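Notes to accompany the following structure.
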Amino acid sequence: MPDDYLSFLERILTPGRLRHSLGVQQVIGELAEVYSLDRQLAQTAGLLHDAAKDLSPAQQEQIIQQAGIQITCPEEQDYNLYLHGPVGAAFVRQELGVDDPLILGAIHMHTFCGNGANFHSPLVWCLRFSDLLEPNRDWSEVRWMRENMPRLRALAYAGRMTEAAILHTSTLIEWFDTAGYPVHPNMRKARQDLSQALLTNRSPLDAR
Ligand SMILES: [Fe+2]
Ligand SMILES: [Fe+2]
């Protein structure tokens, strides 16, 4: 039950992060209808996706060691952008007993870490979309996001997942490149693979 986790999140997240998580829970619930996902499962992933984001560096390190999390590229060391995905999956398994592989995988891969079979699953993409589209986000200071979010929302809610995913990755890559933030190689690969697939009508997303 998503709401069972609320009191836990209230203790470990900043108020702003909790608001963001509730916003993601709401949006992914709406997208679950569009993509015929299990709504409760999707909302649980949405609510918990950033559970590890406000942990102290010592707590992060402890989970990385205990769970044997491998850092697969230098970019992934950026905790705020990437590593809180895998750490978050290990953290909610450990602290909340979450054991559903779909939920854990979505939390792990929402930051483009990993290369599991579900990397391009509708659940994981809906989580990535919701993360940007949730209503408490203020993108007014970030040009790429401000300009592209209305189109991302329209594509995502119209069920046009491949195009939405290409726009999602393109927008983040352009923003990160401009701002000098590290771009995870999986983001570039996803954009390339999806663009190729769209041209040949063989999208890994639309085939599902
Ligand atoms: Fe996140
Ligand atoms: Fe998030």
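Nothing in this text is a laboratory measurement; each read-out follows from the coordinates by a stated rule. These figures come from a predicted structure and were not determined experimentally. Using ideal geometry, Cβ is built from the backbone for each residue, glycine included, and neighbour counts are taken over all protein chains shown.
Overview of results
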| quantity | calculated |
| --- | --- |
| Relative intensity, log₁₀ I(q)/I(0), of the range 1-116 from a Debye sum that treats every alpha carbon as a point, q = 0.14, 0.15, 0.17 Å⁻¹ | -0.53, -0.61, -0.79 |
| Full-extension gain in nm, Leu198 to Glu141, via 0.36 nm per residue minus C-alpha separation | 17.4 nm |
| Spin-label pair Ala117/Arg19, simplified geometry with 7 Å Cα→Cβ offset, distance in nm | 4.1 nm |
| Cα-centre dipole for the chain with unit charges at Cβ (Lys and Arg positive, Asp and Glu negative), debye to 20 | 500 debye |
| 222 nm mean residue ellipticity, helices alone, for the chain (DSSP H n ≥ 4; -39,500 (n - 2.57); rounded to 500) | -20000 deg cm²/dmol |
| Proportion of all alpha-carbon pairs of the chain beyond 20 Å (%) | 55 percent |
